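*Asks:* Quick one: this structure, given as structure tokens, is what I'll be asking you about.
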Amino acid sequence: MKTAIAVKELYVSYYGSEALKNVSFTVEEGKLVGIIGPNGAGKSTLLKALLNLIQKEKGEVAILGKTIKEMRTKVAYVPQRSSIDWDFPITVFDTVLLGTYPNLGVFKRPKKVDKAFAYECLEKVGMTEFYNRQIGELSGGQQQRVFLARALAQKPEIYLLDEPFVGVDVTSEETIISILKQLRDIGKTVVVVHHDLSKATDYFNELILLNKELIDFGVVEKVIRPEVLDKAYNNQFSSLTNLEVKA
Amino acid sequence: MINFINALMYYGFLQKALTTSIMVGIICGVIGCFIILRGMALMGDAISHAVLPGVALSYMLGINFFFGAVLTGVLTSLGIGFISQNSRIKNDVSIGIMFTAAFASGIIMITLMKSSTDLYHILFGNVLAVRASEMWSTLFIGIFVLVCVYAFYKELLVSSFDSTMAAAYGLPTRVIHYFLMTLLTLVTVASLQTVGIVLVVAMLITPAATAYLLTNRLWVMLYLSAGIGVLSSIFGLYFSYTYNLASGAAIVLAATVLFILAFVFSPKQGLVWRAIKNVRKREILSR
């Protein structure tokens, strides 16, 4: 088993206030990993630091044994829905087609093969009947599926998803998680920022529990214990988390 | 109208004016699409004003004013970025500070040169006085801008729509931003004679916004916006010539009229169509 993501002593801060401190972990290939933690715990920041979208103060990130700069086209990122301009003049199909861009290079246009592949990806998420719609006309779950299709079109080894289940209907959530599990089963690595603890055991192999520092990392059953969660959530949700874990 | 066409056949200055303003309509329309989609309408206004000191400087040094204009335009956009990134000052405030500063220093430089007619023409344009050399430079700028947009269409699309994804797969989004700012400066310079510095922002955003109401595809929007820009130029010039109105203002008002038409009658976004849909829905519900 090879290492997909290796993070060593990662520090990130925004204007002097620390967002992440001393985070270290390694994710093996073929794992479905959740990043959980309270609001402002630095979950999205961690994804962005992995992608080198924000500056690290200190620490190292290795993607498949190399730097992210060498491995950019091997990683696909699905942003939070709230960060997208849904009024942008772009159709569902053209959004998925964007996923073929990273492997095309400058000056090259997507060819028939690329378009056929983008359509295939749209098929996988069950959204072909909407291919000509403007993306803002879709429901939240449909939008998320389209963005997952775009990530599939990038043919990456590693998938990073930021809160893919927020504002998403049940069917879409099921479609998305089953695709993510299929990806894991064929050896891809999937990392998901997630805040709903209740389904964590069903969804993930491993969890990264974060609250600015790495609270715990490991197989789900080891992390998702009340006494561990309390450390991240500072006891404030202890009764709630207990309930959710049992459910 | 026939008078206008006759005059067009007869007068060289009118031909040059029409050709130049059509080219300006096209390039402003195209660049304007990216400006509005990236939420940079205010930035467009700022950069166009910031060109003024560069133009003045170029006159003083006797060089082609493209160089000076690009210099101060890009410097101002760098300054805007620098202030908003290195302090708690928000981007719109930073834009307001920098472009008024640049504009004011431009006005002072020009008044020191003591040629107020030039200032008036730079600020408000005078397309009927376009010289052949200026028409050619507009053409060259136009071709350059269009070739750039065509060559980097893919990169412009993805970085405008989802800059995080663009950055994540390794596109230099900041370089693209300043590249677009440079194109914007070039377009402003090319539009100086037609609509002038003060009104060029209208040619950038009004046709683009009109097109935005009419389509759901970026490439269609680019063509529509260019087409609307051209129509505005033609109508504007016609009214300007026939009724002896300021050319820049006439062109801008023509663009505004087209925008209002789209705003009211657009098939998907227009007021009329929305109202009809609402009424129908209510009828269905009340049955």
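*Asks:* From the residues in the range A:112-137 that are in contact (Cβ under 8 Å) with a residue 12 or more places away in the chain and within 12 Å of chain B (Cβ to nearest Cβ), which one is nearest to B:R217 (Cα to Cα)?
*Replies:* Among those that are in contact (Cβ under 8 Å) with a residue 12 or more places away in the chain and within 12 Å of chain B (Cβ to nearest Cβ), it is A:Q134.
*Asks:* Taking the range A:1-54 as the region of interest, how many residues are out of contact with any Gly (no Cβ under 6 Å at 6 or more places or on another chain) and within 17 Å of A:Y77 (Cβ to Cβ)?
*Replies:* 21
*Asks:* Considering the range B:151-171 alone, what residues qualify as being open to solvent by 30 Å² or more (accessible area, probe 1.4 Å) and small (G, A, S)?
*Replies:* The answer is B:S163, B:G170.
*Asks:* Considering every residue within the range A:10-17, establish whether at least one is within 10 Å of chain B (Cβ to nearest Cβ) and open to solvent by 10 Å² or more (accessible area, probe 1.4 Å).
*Replies:* Among the residues of the range A:10-17, at least one is within 10 Å of chain B (Cβ to nearest Cβ) and open to solvent by 10 Å² or more (accessible area, probe 1.4 Å), which makes the answer yes.
*Asks:* Sticking with this structure for a sec: Looking at (1) open to solvent by 50 Å² or more (accessible area, probe 1.4 Å); (2) in contact with a helix residue (DSSP H, G or I) (Cβ under 6 Å, 6 or more places away or on another chain), which is the only condition B:K90 fails?
*Replies:* So B:K90 meets the others, but not (2).
*Asks:* With the structure loaded, tell me whether B:V220 is farther than 21 Å from B:G81 by Cα, within 14 Å of chain A (Cβ to nearest Cβ), among the β-branched types (V, I, T) and surrounded by fewer than 17 Cβ atoms within 10 Å (Cβ to Cβ) or whether it fails that test.
*Replies:* yes
*Asks:* Here's another thing I want to ask about it. In this structure, does B:F103 turn out to be assigned to a helix (DSSP H, G or I), of a type outside the set (D, E, K, R), open to solvent by less than 60 Å² (accessible area, probe 1.4 Å) and more than 14 Å from every other protein chain (Cβ to nearest Cβ)?
*Replies:* Here the answer is yes, as B:F103 does meet what is asked.
*Asks:* Which pairs have Cβ atoms under 7 Å, sit 6 or more apart or on different chains, and link a residue in the range B:153-167 that is within 7 Å of chain A (Cβ to nearest Cβ) to one that is of a type in the set (S, T, Y) and open to solvent by 20 Å² or more (accessible area, probe 1.4 Å)?
*Replies:* B:T164/A:S83; B:A167/B:T173
*Asks:* Would you be able to tell me the number of residues in the range B:110-125 that are open to solvent by 40 Å² or more (accessible area, probe 1.4 Å) and either of a type in the set (S, T, N, Q) or assigned to a helix (DSSP H, G or I) (or both)?
*Replies:* Qualifying residue count, the range B:110-125: 8.
*Asks:* Next question, about the same structure. Take the range A:147-187 and flag every residue that is in a loop (DSSP other than H, G, I, E, B), under 20 Å from A:E123 (Cβ atoms) and touching a helix residue (DSSP H, G or I) at 6+ places or on another chain (Cβ under 9 Å).
*Replies:* A:Q154, A:K155, A:P156, A:P164, A:V168, A:D169
*Asks:* Among the residues of the range B:126-161, write down those that are more than 20 Å from B:M181 (Cβ to Cβ) and among the aliphatic types (A, V, I, L, M).
*Replies:* B:V127, B:L128, B:A129, B:V130, B:A132, B:M135, B:L139
*Asks:* Which strands (runs of 3 or more DSSP E) sit wholly inside the range A:20-128 and have at least 1 residues that are among the small types (G, A, S) and open to solvent by less than 20 Å² (accessible area, probe 1.4 Å)?
*Replies:* Answer list for the range A:20-128: A:32-36, A:75-78.
*Asks:* Which condition from (1) closer than 15 Å to A:K8 by Cα; (2) hydrophobic (A, V, I, L, M, F, W, C); (3) within 14 Å of another protein chain (Cβ to nearest Cβ) is the one that A:L20 breaks?
*Replies:* Exception for A:L20: condition (3).
*Asks:* Inspect the range A:135-146 for any residue being open to solvent by 10 Å² or more (accessible area, probe 1.4 Å) and not in a helix (DSSP H, G or I) and give the result as yes or no.
*Replies:* Yes, because at least one residue in the range A:135-146 is open to solvent by 10 Å² or more (accessible area, probe 1.4 Å) and not in a helix (DSSP H, G or I).
*Asks:* So, in the range B:131-150, exactly how many residues are open to solvent by less than 40 Å² (accessible area, probe 1.4 Å) and either touching a Phe, Trp or Tyr at 6+ places or on another chain (Cβ under 6 Å) or among the charged types (D, E, K, R) (or both)?
*Replies:* 1
*Asks:* For the range B:250-279, give me each residue that is among the small types (G, A, S) and within 18 Å of B:T210 (Cβ to Cβ).
*Replies:* Of everything in the range B:250-279, those that are among the small types (G, A, S) and within 18 Å of B:T210 (Cβ to Cβ) turn out to be B:A250, B:A254, B:A255, B:A262, B:S266, B:G270.
*Asks:* Any residue at all in the range B:45-57 that is among the small types (G, A, S) and surrounded by fewer than 21 Cβ atoms within 10 Å (Cβ to Cβ)?
*Replies:* no
*Asks:* Oh, and also: Applying the selection to the range A:86-106, what residues are more than 15 Å from B:S159 (Cα to Cα) and facing another protein chain (nearest Cβ under 7 Å)?
*Replies:* A:T91
Rundown of residues vs (1) within 19 Å of B:F140 (Cβ to Cβ); (2) part of a helix (DSSP H, G or I); (3) out of contact with any strand residue (DSSP E or B) (no Cβ under 6 Å at 6 or more places or on another chain); (4) not aromatic (F, W, Y), yes/no style:
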| site | (1), (2), (3), (4) |
| --- | --- |
| B:L157 | no, yes, yes, yes |
| B:S160 | no, yes, yes, yes |
| B:A166 | no, yes, yes, yes |
| B:L171 | no, no, yes, yes |
| B:R174 | no, yes, yes, yes |
| B:F179 | yes, yes, yes, no |
| B:V187 | yes, yes, yes, yes |
| B:A190 | yes, yes, yes, yes |
| B:Q193 | yes, no, yes, yes |
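*Asks:* Give me the pairs, please: first residue somewhere in the range B:172-189 and open to solvent by 20 Å² or more (accessible area, probe 1.4 Å), second residue anywhere and at pLDDT 90 or above and not in a helix (DSSP H, G or I), beta-carbon distance under 6 Å, and either six or more positions apart or on two chains.
*Replies:* none
The values are calculated or read from the model by the stated rules, or taken from the named source; none is laboratory data. What you see is a predicted model; the values in this text were computed from it and never measured. Note: ideal-geometry Cβ built from the backbone for every residue, glycine included; neighbour counts use all protein chains shown. Surface accessibility is based on the protein's heavy atoms, side chains included, excluding ligands, DNA and RNA. Shrake-Rupley method; radii C 1.70, N 1.55, O 1.52, S 1.80 Å.
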